[in-house]
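The values are calculated or read from the model by the stated rules, or taken from the named source; none is laboratory data. Since this is a predicted model, take the numbers as computed values, not measurements. In this analysis, Cβ positions are derived from the backbone assuming ideal geometry, glycine residues included, and neighbour counts consider all displayed protein chains. In case anyone asks, the SASA skips ligands and DNA or RNA and just uses the protein heavy atoms, side chains included. Shrake-Rupley method; radii C 1.70, N 1.55, O 1.52, S 1.80 Å.
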Amino acid sequence: EMGARGLVAWLILVNLAAAAASVASDKVGVPVRTAGGTAPACSRERSRHARGVLDDFFHPVADRNRYRLPPNCPFDRSKDMYLEHEKHKEVVRRTQYKSLYSDKTFYNEYYVDKHMDNRHMDKVPPGADVCLADYCEVLRCDEHQAWKHPELRKTVGSSASRSRCSQERMRGLRHFCEVLMSGCFPTSGGPDGDAGTAARLREYFTRHHCDMLTCDGVRDMFGVLGSHHAVAGGGGYVLVLIVVFAAVGCYYLFVWHAVRDGRRSADLRRARKETLGTRAERWLVSFSKKLPFSKGRKKKLY
């Protein structure tokens, strides 16, 4: 009997552990990374995508408002695990990359990343322990890449991908995003104590990023953000191009009017010259008829 009770208790514990694991796997957040190891399991490519979102839409707004992020904000540049490595890479050609640590040239970016993992992990500053790739889901890295590269929109923004979107998952992302914004823009005002700026920025990012984390809203998120300020490849950049093309069009329209007016003036001068020439010719003809030697005898035609 005791053995049967023990078996039942063991089965209950196993089921509870499985349920807890299932809940933990569905929870939206950042995986816990343990200390140790020379190369953390963090995707450099996905980190670059997340860094691109922050460089386009997050840091410019914070910098423009002269707001310093608190140390517990994972989007602070000093927390970026691979930022120092990215600063020490150089594009030699279109596909070749060079490590500025060792002056070695590699065939593509993948191999220079492997070189950084194997030889230069000691160059990562202390405290730079945030893997930005872990935040790609809440930052919407794929949608940002599709926004910057239209050829990717067929797969990222397709109806099939939207049909697979989970409203429950997006609800969890919105909550996680709001928690992040509260940490980056606390009510205390951050390191400088500027509570007004922190509240204003928290409201801005909550409205234009967190609230857009819906199955339909993510498609327009970066278009809305891009219309607020100019970024390369974004909506603001398109606006700049429109202004430039409008200015060029006005210039050529002015040149066309100037050329047309010049031709019209030339035609008027030519017509004036022809009028004066015709009058002079008529005067000479009439004057020659009045001369004595111009009157001859008429010949009879019969």
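So, for the stretch 75-191, what is the accessible surface per residue at a probe of 1.4 Å, expressed in square angstrom? On a per-residue basis, the stretch 75-191 sits at 57 Å². Exceedance of the 18 Å cut-off in Cα-Cα distance is limited, within the set 87/123; 79/148; 114/148, to 79/148; 114/148.
Quick one: what do you get for the stretch 163-234 if you divide its Cα Rg by 2.2 N^0.38 Å?
1.25
Which FRET efficiency value, to the nearest 0.05, is calculated for residue 68 and residue 92 with the Förster distance at 35 angstrom and r the Cβ-Cβ distance? Working from the Cβ atoms, E equals 0.45. The modelled label-to-label distance between residue 61 and residue 224, using points 7 Å beyond Cα along the C-beta direction, is 1.0 nm. Binning at 10 angstrom from zero up to the longest distance, how are the C-alpha pair distances of the stretch 37-139 distributed in percent? Bin by bin from 0 Å, the calculated values are 15, 44, 32, 9, 0. Most tightly packed first, judged by the mean number of other beta-carbon atoms within 10 Å of their residues, the peptides 71-80, 49-58 read 49-58, 71-80.
Taking 0.36 nm per residue of separation and subtracting the current Cα-Cα distance, fully stretching the chain between residue 286 and residue 179 would add 28.2 nm. Surface composition of the stretch 67-193: carbon and sulfur make up 48 percent of the accessible area, probe 1.4 Å. The gain in end-to-end length when the residue 107 to residue 166 segment is fully stretched comes to 17.3 nm, 0.36 nm per residue minus the alpha carbon separation.
Per residue, the convex hull spanned by the alpha carbons of the stretch 71-230 comes to 152 Å³.
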